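Just below is one structure, and these are the notes that go with it.
The values are calculated or read from the model by the stated rules, or taken from the named source; none is laboratory data. Quick caveat: nothing in here was measured; it's all calculated off a predicted structure. Backbone-built Cβ (ideal geometry, glycine too); neighbour counts: all protein chains shown.
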Amino acid sequence: MIRRVDLRGRVAAGEVLNLEALVPRAVFDVEAALDVVRPICLDVRHRGLEAIREYGEKFDHVRVEDIRVPAEALKTALEELDPEVRSAFEESIRRVREVSQDELTPDIASEPAPGGRVTQRFVPVQRVGLYVPGGRAPLASSVVMNVVPAQVAGVPSLAVASPPQKEFGGLPHPTVLAVCALLGIDEVYAMGGAQAIAGFAYGFDGCRKVNLITGPGNIYVVAAKRELLGEVGIDSEAGPTEIAILADDTADPKHVAADLISQAEHDPMAASVLVTPSEVLAAAVEAELPTQVAQTKHHERVAEALAGQQSAVVLVDDLDQGTAVVDAYAAEHLEIQTVDAEERAGLITNAGAIFVGGWSPVSLGDYCAGSNHVLPTAGCACHSSGLSVRSFLKAVHVVNYSRDALHEVAGHVLALAHAEDLPAHGAAVSARFPGEH
């Protein structure tokens, strides 16, 4: 059901391991997808709303005349939301909001010289398009993860896009609409895929263009974000989900198997990777997987993901090698279930989010930990961060020097301007002190 990658003894035998090449990876060819999305983006740029409607009919199999979700539909969706589910969302919102509030950064003022002050101001992006996937599951929790940090950051204009659903009359999933209403978002569009990203990037009749697009999606959404980067800002290229679990023989194989399955449930391209020095744990997890997979609702999808080349049990010499392997993998979600889990988590530099110990499963972070579940995938955690308040803020330097402070440093400015053969730069300073330079 899941393959093995055995790294044991290879270093001792003198082999130099390229861990980044050895760890399991999905084939996620964004470049190839660009050939598909590029004409869609150009079409939306030139034909706007009509193109978005046509692509919605083609890909989502439903034609939506008014893609702006009516206020009444949002209100109805919230009224009809199951009270228990509403209570769970309210708690999720509370926790994410509390963590987000703590992420807010005050302005930073520096005085590199008497009378010379540089202040770094953090200002919110003015308009953001938030993408919420439809696909195999209505990821209403992504509404929380996108909207709450943006609201805490102070973004004044927020719009949400989610694919139209044929079974709901061309509206996004009602749970998605209900959470939008719960959060006070009234600008919601029934559009998905590359056409939604292009619609936000260029704007169309009834929808102003945005400055930033955030949120996960399929490979075509990711490709559209890459194609339109520069026209608009993006958070990251978040593709199929990943879980890596670093575990030793203190981990419960039933829990490890359940956690691997939980992420495989998302998509046949989802990656589930166990890294362990314990042959006993590996065998126990491998024995447990078929039983649990057979009992889960989406067993076909899960089985395909676990059998894919992106998933594996990786056997290592020891936990130190295992730590190096998961750090090279740079997983979207990394669980550490070892005897020294908290200390070992401190050794990790590359992960979207780290879940420490046996009582911190990834699904907790998906919903109610207070952390954000929009995270970098495909190894991008080595250079990118998950969604947070900082994703919605820009840093602006405000420079305020007095006459004396400028006079004191003027000679250095002139020297550097001449060194770079930019004498007019120096003249802009010397003009303020005639006869001195």
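Tabulated values for the structure
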| read-out | value |
| --- | --- |
| Residues satisfying the stated conditions in region 294-308, i.e. surrounded by 23 or more Cβ atoms within 10 Å (Cβ to Cβ) and among the β-branched types (Val, Ile, Thr) | Val302 |
| Considering residues of region 405-433 that are among the charged types (D, E, K, R) and surrounded by 12 or more Cβ atoms within 10 Å (Cβ to Cβ) only, the residue farthest from Val118 (Cα to Cα) | Arg432 |
| Leading residue by the ranking (farthest from the chain's Cα centre (by Cα)) among those in region 283-308 that are part of a helix (DSSP H, G or I) and among the polar types (S, T, N, Q) | Thr291 |
| Qualifying position, being under 28 Å from the mean Cα position of the chain (by Cα) and of a type in the set (D, E, K, R), among Asp66, Asp29, Asp6 | Asp29 |
| Number of positions in region 170-195 that are under 27 Å from Val36 (Cα atoms) and not polar (S, T, N, Q) | 11 |
| Segments classed as helices (runs of 4 or more DSSP H), wholly inside region 128-225, with at least 3 members that are in contact (Cβ under 8 Å) with a residue 24 or more places away in the chain, under 21 Å from the mean Cα position of the chain (by Cα) and within 25 Å of Pro268 (Cα to Cα) | 141-153, 193-202 |
| Meets criteria (in the same structural domain as Gln151 (by TED's automatic domain parsing), modelled with pLDDT under 95 and within 27 Å of Asn350 (Cα to Cα)) for Leu104 | yes |
| Checking Thr250 against (1) of a type in the set (Val, Ile, Thr); (2) in a loop (DSSP other than H, G, I, E, B); (3) surrounded by 24 or more Cβ atoms within 10 Å (Cβ to Cβ), the condition it does not meet | (3) |
| Top-ranked residue of region 159-170 - restricted to ones that are surrounded by fewer than 24 Cβ atoms within 10 Å (Cβ to Cβ) and not aromatic (Phe, Trp, Tyr), ranked as nearest to Val210 (Cα to Cα) | Ala159 |
